[in-house]
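The values are calculated or read from the model by the stated rules, or taken from the named source; none is laboratory data. A quick note: this is a predicted structure, and the numbers were derived from the prediction, not measured. Methodologically, a virtual Cβ is constructed for each residue, glycine included, from the backbone with ideal geometry; neighbour enumeration extends over all protein chains shown. For accessibility, only protein heavy atoms count, side chains too; no ligands or nucleic acids. Shrake-Rupley method; radii C 1.70, N 1.55, O 1.52, S 1.80 Å.
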Amino acid sequence: MTERERFIKALKREPIEGHCPTFELVFFLTLEAIGKIHPSQQRFDQWNQMSKTEQKLHIDYIADCHIEVAEKYYHSAIFVHPNPWGYENIVRLLETIREKSGDKYFLMIHGDPTFEIPNGENMMEFTERMYEDEDGLKAEAQKRLDDRVNLAEKLAKHNGLLDGFALCSDYCFNVNPFFSPSMFSEFIAPYLQKVIKDYRDMGFYSIKHTDGNIMPIIDQIVECKPDALHSLDPQGGVDLAEVKRLYGDRVALCGNVNCGLLQTGTEEEVIADVRRSLRDGMNGWGYVFCTSNCAYTGLPLERYELMNRIWYEEGIYK
């Protein structure tokens with residue numbers, strides 16, 4: 001069984017022999033781990049001035065970065081970061097990763113058209129629009145949806161190149177969602193449901209990511225029928241065992257290792273939390289082991305490697 005096949009079985013909530021699959025939505029610690037700058041942290045302001053040879057070298061670098069991380073930490077999936085973004089560059093990068101690694105890994109890119117928590121500069125404006133410009137906001141939501149679906153339709157013509165999308169719009173703070181349940185049902189859920197359906201009809205899988213306390217809106221998210229939920233944030237009060245009990249027969253689950261403990265907890269606390277995540281998540285299949293966010297800049301690499309080592313030794317279906 002390839003790592004890609006293992007990952008797909010988890011998304012389908014099917015029994016797996018051997019290791020529970022693992023991956024990271026983003027692994028920013030590449031410089032320390034493999035001596036390469038993470039693709040998303042590179043700038044390509046002069047991309048259009050580069051020769052084809054220079055562009056190919058950059059694409060090779062990004063592909064190697066992704067593959068080396070996956071190989072080192074036994075990841076089953078790669079969240080690919082095309083840089084710069086754009087259809088042609090996405091295809092070239094995916095082709096390069098496939099040429100170098102074959103069908104070993106499940107490959108996904110960002111594909112979420114839905115609105116996320118607005119930043120501090122436009123939060124008031126966005127909030128006002130939800131009350132005073134509903135039609136304009138919905139027209140914008142539809143345009144974002146159409147753009148993502150159009151890109152997916154083009155990528156679907158490259159059979160076997162891309163496996164799915166990570167839907168990475170964050171909806172929640174640690175205390176509550178930014179969107180009330182009623183506003184979520186009006187401005188988010190219809191577009192989330194439609195993009196997931198369209199992706200599925202094209203043969204793509206969808207993993208819905210959002211940090212924070214998703215519990216007031218989790219029913220609506222699950223009703224949109226993503227293949228998996230990520231990141232099940234314990235710092236937002238999300239209990240993996242409870243989510244598994246309530247929704248584990250309808251959606252696969254990814255994450256829940258407490259990033260706060262990885263950052264500042266004792267080694268004993270980290271070990272206990274990793275084991276808790278494995279115990280609660282692996283019960284009944286349909287689980288992908290990973291952090292409750294990502295391996296972010298500033299996270300001690302030794303803590304991530306401790307987490308990864310425990311998974312390798314103990315995250316095995318028997």
Just checking, does segment 151-163 include any residue being surrounded by fewer than 18 Cβ atoms within 10 Å (Cβ to Cβ) and farther than 30 Å from Glu71 by Cβ?
yes
Checking Glu88 against (1) in contact (Cβ under 8 Å) with a residue 12 or more places away in the chain; (2) open to solvent by 20 Å² or more (accessible area, probe 1.4 Å), which single condition isn't satisfied?
(1)
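With respect to Thr2, determine if the residue is touching a residue at least 60 places away in the same chain (Cβ under 8 Å), surrounded by 13 or more Cβ atoms within 10 Å (Cβ to Cβ), touching an Asp or Glu at 6+ places or on another chain (Cβ under 7 Å) and among the hydroxyl-bearing types (Ser, Thr, Tyr). Reasoning before the result, please.
Working: touching a residue at least 60 places away in the same chain (Cβ under 8 Å): yes; surrounded by 13 or more Cβ atoms within 10 Å (Cβ to Cβ): yes; touching an Asp or Glu at 6+ places or on another chain (Cβ under 7 Å): yes; among the hydroxyl-bearing types (Ser, Thr, Tyr): yes.
It is true that Thr2 is touching a residue at least 60 places away in the same chain (Cβ under 8 Å), surrounded by 13 or more Cβ atoms within 10 Å (Cβ to Cβ), touching an Asp or Glu at 6+ places or on another chain (Cβ under 7 Å) and among the hydroxyl-bearing types (Ser, Thr, Tyr).
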Report yes if some residue within segment 98-112 is outside any helix (DSSP H, G or I), of a type in the set (D, E, K, R), under 19 Å from Val69 (Cα atoms) and in contact with a Ser or Thr (Cβ under 8 Å, 6 or more places away or on another chain); otherwise report no.
yes
Quick one: in segment 268-318, of everything that is of a type in the set (Gly, Ala, Ser), surrounded by fewer than 21 Cβ atoms within 10 Å (Cβ to Cβ) and more than 26 Å from Ser40 (Cβ to Cβ), which residue is modelled with the lowest pLDDT?
Gly284
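Can you name the residue in segment 19-55 that is of a type in the set (D, E, K, R) and assigned to a helix (DSSP H, G or I) and, of all such residues, is least open to solvent (accessible area, probe 1.4 Å)? Let's see the steps before the verdict.
Here is the first cut: in segment 19-55, the residues of a type in the set (D, E, K, R) are 24, 32, 36, 43, 45, 52, 54.
Filter once more, so that each one left must be assigned to a helix (DSSP H, G or I): 32, 52, 54.
Values: Glu32: 125, Lys52: 153, Glu54: 89 Å².
Per the stated criteria, the residue is Glu54.
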Filter result for Ala241 (aliphatic (A, V, I, L, M), out of contact with any Cys (no Cβ under 8 Å at 6 or more places or on another chain) and in contact (Cβ under 8 Å) with a residue 60 or more places away in the chain)
no
List pairs: first in segment 155-170 and assigned to a helix (DSSP H, G or I), second modelled with pLDDT of 95 or more, Cβ under 6 Å, 6+ apart or cross-chain?
Leu155/Leu162; Ala156/Met202
List the pairs whose first member sits in segment 275-292 and is within 19 Å of Arg309 (Cβ to Cβ), whose second member is part of a helix (DSSP H, G or I) and open to solvent by 30 Å² or more (accessible area, probe 1.4 Å), and whose Cβ atoms are under 7 Å apart, counting only residues at least 6 apart or on separate chains?
Arg275/Glu314; Leu278/Glu314; Ser292/Pro234; Ser292/Gln235
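Could you list, in sequence order, the residues of segment 26-83 that are on the phi > 0 side of the Ramachandran plot and free of Cβ contacts under 8 Å to residues at least 60 places away in the same chain? Spell out how you get there, then give the answer.
Filtering segment 26-83 for residues on the phi > 0 side of the Ramachandran plot gives 35, 74.
Residue satisfying the conditions is Gly35 alone.
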Of those in segment 293-318 that are assigned to a loop (DSSP other than H, G, I, E, B) and in contact (Cβ under 8 Å) with a residue 24 or more places away in the chain, the residue nearest to Pro21 (Cα to Cα) is Gly315
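Each row is one residue, and each column tells you yes or no for (1) without any contact (Cβ under 8 Å) to a residue 24 or more places away in the chain; (2) among the aliphatic types (A, V, I, L, M); (3) closer than 13 Å to Tyr171 by Cβ.
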| residue | (1), (2), (3) |
| --- | --- |
| Ile188 | no, yes, yes |
| Ile196 | no, yes, no |
| Arg200 | no, no, no |
| Gly203 | no, no, no |
| Met215 | yes, yes, yes |
| Ile218 | no, yes, yes |
| Glu223 | no, no, no |
| Asp227 | no, no, no |
| Ser231 | no, no, yes |
Residue that is nearest to Glu5 (Cα to Cα), among those in segment 171-213 that are open to solvent by less than 10 Å² (accessible area, probe 1.4 Å) and in a loop (DSSP other than H, G, I, E, B):
Thr210
Subset of segment 97-131 [open to solvent by 20 Å² or more (accessible area, probe 1.4 Å), touching a helix residue (DSSP H, G or I) at 6+ places or on another chain (Cβ under 6 Å) and among the polar types (S, T, N, Q)]:
Ser101
